[in-house]
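J.: One structure, as structure tokens, below. Some questions next.
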Amino acid sequence: MTLTTVLVRQRRPLLVACLLSAAGLWLSIPLGHAQVGVFFTIGIFLSLLNHVLTEIGLAHSLETKGEISRKQFAMGSLGRLTLVTLIAFAIVLSFWPYGAAVLIGLALMHLVLIVFTGLPLLNELRKA
């Protein structure tokens, strides 16, 4: 599965990421803290990057028909989370205090993605 295919399947999270970013910038710029809005947006898109890379990993796992072990899959997840975390903390430390908005954007988008993932699962459980 290609990156383009994954992005097309993730239209809703991509749209929400753009809307949250626009809202963050729309609120922060008039308040005189454009940097906060920019770093908030960076956090949102770091979270989206993690989500897309996870989807690519899942698609790759399905294409190999289960040839990837749980340990390999867990190590891939750990690698993605480590990469995103290191980037986020590097930004926070380099641009303190405004860079802390990266963590807020990261956390908010993770919550949104959990809701997008969890609601269809809850609907399936209700049907069963």
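J.: Can you go through Ser61, Ser94, Ser69 and tell me which one is within 20 Å of Ala34 (Cα to Cα) and of a type in the set (Ser, Thr, Tyr)?
T.: Ser94
J.: Answer yes if at least one residue in segment 17-30 is touching a residue at least 24 places away in the same chain (Cβ under 8 Å), surrounded by 12 or more Cβ atoms within 10 Å (Cβ to Cβ) and farther than 20 Å from Leu103 by Cβ, and no otherwise.
T.: Checking segment 17-30: not a single residue is touching a residue at least 24 places away in the same chain (Cβ under 8 Å), surrounded by 12 or more Cβ atoms within 10 Å (Cβ to Cβ) and farther than 20 Å from Leu103 by Cβ.
J.: Please verify whether Val6 is of a type in the set (A, V, I, L, M), touching a residue at least 60 places away in the same chain (Cβ under 8 Å), assigned to a helix (DSSP H, G or I) and out of contact with any Ser or Thr (no Cβ under 7 Å at 6 or more places or on another chain), treating the condition exactly as stated. Spell out how you get there, then give the answer.
T.: Numbers: of a type in the set (A, V, I, L, M): yes; touching a residue at least 60 places away in the same chain (Cβ under 8 Å): no; assigned to a helix (DSSP H, G or I): yes; out of contact with any Ser or Thr (no Cβ under 7 Å at 6 or more places or on another chain): yes.
No; evaluated as a whole, the condition is false for this residue.
J.: Still on this structure, I have one more. Quick one: which residue in Ala74, Ala107, Ala90, Ala59 is out of contact with any Pro (no Cβ under 6 Å at 6 or more places or on another chain), touching a residue at least 24 places away in the same chain (Cβ under 8 Å), assigned to a helix (DSSP H, G or I) and farther than 24 Å from Val8 by Cβ?
T.: Going through Ala74, Ala107, Ala90, Ala59 in turn, the sole match is Ala107.
J.: Give the residues of segment 93-104 that are in contact (Cβ under 8 Å) with a residue 24 or more places away in the chain and either assigned to a helix (DSSP H, G or I) or hydroxyl-bearing (Ser, Thr, Tyr) (or both), sorted by residue number.
T.: Tyr98, Gly99, Ala100, Ala101, Val102, Leu103, Ile104
J.: Can you say whether Arg80 is surrounded by fewer than 14 Cβ atoms within 10 Å (Cβ to Cβ) and either closer than 17 Å to Leu58 by Cβ or in contact with a Phe, Trp or Tyr (Cβ under 9 Å, 6 or more places away or on another chain) (or both), as far as the supplied structure shows?
T.: no
J.: Residues of segment 30-67 being β-branched (Val, Ile, Thr) and more than 20 Å from Thr82 (Cα to Cα), which ones?
T.: Val36, Val38, Thr64
J.: Please work out which residue is surrounded by the most Cβ atoms within 10 Å (Cβ to Cβ), limiting yourself to segment 92-112 and to residues that are of a type in the set (A, V, I, L, M) and in contact with a Phe, Trp or Tyr (Cβ under 7 Å, 6 or more places away or on another chain).
T.: First, pick out the residues of segment 92-112 that are of a type in the set (A, V, I, L, M): 92-93, 100-104, 106-109, 111-112.
Going one step further and asking which of them are in contact with a Phe, Trp or Tyr (Cβ under 7 Å, 6 or more places away or on another chain), we end up with 101-102, 104.
Working: Ala101: 25, Val102: 27, Ile104: 15.
Step by step, filter segment 92-112, then rank; the result is Val102.
FYI, it's all coordinate maths here, none of it is from the lab. Here the structure is a predicted model, which is why all the values come from computation and not from measurement. Because the Cβ atoms are built from the backbone with ideal geometry, glycine has one as well, and the counts that use them run over all protein chains shown.
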